[in-house]
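The values are calculated or read from the model by the stated rules, or taken from the named source; none is laboratory data. None of these values were measured; they are calculated from a predicted model. Here the Cβ positions follow ideal geometry from the backbone for every residue, glycine too, while neighbour counts run over all protein chains shown. Areas reflect the complete protein model, heavy atoms only, side chains present, ligands, DNA and RNA absent. Shrake-Rupley method; radii C 1.70, N 1.55, O 1.52, S 1.80 Å.
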Amino acid sequence: MIYRLAVFGNPIAHSRSPEIHEKFAEQHCFEINYDRILVPVKNFDTYASEFLESGGKGFNITAPFKHDAFRFSAIRSKSAELAQAVNTVSIREGVIYGDNTDGVGLRQDMIINLGWTIEGKKILMLGAGGAASGVVGDLLAANPKSFHILNRTLSKAKIIVDLHQDYRLRAIAIPDTNYDIIINATSAAFKGEKLDLPPSVFSKKSCCYDLTYGKEANRTPFLMRSKEFGVASVADGFGMLVEQAAQAFEIWFGINVLTGPVIASFRETNVFS
Ligand code: ATR
């Protein structure tokens, strides 16, 4: 049996998910048929229903459909509820489940792959859009000392804070301290825009993570700028991409995969642009 899976998005041609999941399946000696599906913006429900009705085992969702997938799912995980977004849909006994594996993926990459400590640390998140809100809950679950969200539009950061009701989480307009972990969750680089970075947030001990990634490892504009402040460590979001995929694979098949070799093989061949 060849399992049918897919990733839904618009645009979607850039997605590396098919190759990542094929490598996971290879580790367990079975085959999958994982497609990229370009969904017209208003047609998510039709495409999603047809895919599942025609035997699809599940699918991933990328921009701009994570909210549609949230609405589409009959039962949602806690991570999905906190993110108000779903990136992994599965179907079991006719019931549609929605999960969000982005936050756990980020946490795994930071703690396991990069060896960073989140517990007891001060986190600063730059940005308060979909990418940011998708990971806040799972980072809070790793017990940071504090978690501040700095966004150009303060009201959007406040919406995330109100949703979580956690004393460690605050929306800030002006930073007045430095941070152990600084995460870029803005879309500034996608749009070729400059991101204003207050120098006071960086210290020599800061670890800087960019949720995005580019052709070359750890060379996003945010990480290049962070390095100028002499920070301790930088990482782009490619590890998170593989880790969130591993979580999705586990949801569909109930089996663990090794992510390290998959991350390394993409890095070596540089095919993750
Ligand atoms: P995504 O799903 O990628 O998170 P989004 O929901 O549009 O996309 O959110 C983009 C985030 O990047 C927002 O927090 C946005 O700030 P605003 O809420 O003020 O719009 C932030 N952002 C985008 N361009 C930026 C820039 N040039 N400087 C600072 N923040 C920027």
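Annotations for the structure displayed:
- Using a probe of 1.4 angstrom and keeping all protein chains present, the accessible surface of segment 103-235 works out to 48 square angstrom per residue.
- Percent RCO, i.e. relative contact order, over segment 103-235, from Cα pairs under 8 Å lying at least 6 residues apart: 21 percent
- Pairwise label distance in nanometres, LYS156 with ASP176, each label 7 Å out on the Cα-Cβ vector: 2.5 nm
- Between GLU119 and LYS227, full extension at 0.36 nm per residue minus the direct alpha carbon distance yields a gain of 36.5 nm.
- Which listed pairs, of LYS78/LYS191; LYS191/LYS215; LYS122/LYS158; LYS145/LYS215, have C-alpha distances above 25 Å, in listed order: LYS78/LYS191; LYS145/LYS215
- The angle separating the long axis of helix 17-27 from the principal Cα axis of greatest extent in the chain is about 70 degrees.
- Length gained when the stretch LYS194-ASP35 is fully extended (0.36 nm per residue, less Cα-Cα span): 53.8 nm
- Extending 7 Å from Cα along the Cβ direction at ILE2 and again at LEU258 yields two label points whose distance is 2.6 nm.
- For the chain, with all protein chains in place and a probe radius of 1.4 Å, 51% of the accessible heavy-atom surface sits on carbon or sulfur.
- For segment 103-235, the mean projected area of the C-alpha convex hull, equal to one quarter of the hull surface, is 7.3 nm².
- Cα gyration tensor category, rounded, prolate or oblate, for segment 63-116 with a/c compared to 1.5: prolate
- 0 to 90° range, to nearest 10: angle between helix 260-269 axis and the chain longest Cα axis: 80 degrees
- Net charge over other residues, Cβ less than 12 angstrom from the Cβ of GLY237 (K, R count +1; D, E count -1): -4
- Every Cα-Cα pair of the chain was included, and the share exceeding 33 Å stands at 19 percent.
- Cross-link partners for LYS121 among the aspartates and glutamates, with Cα-Cα distance under 12 Å and sequence neighbours closer than 8 places in the same chain left out: ASP180.
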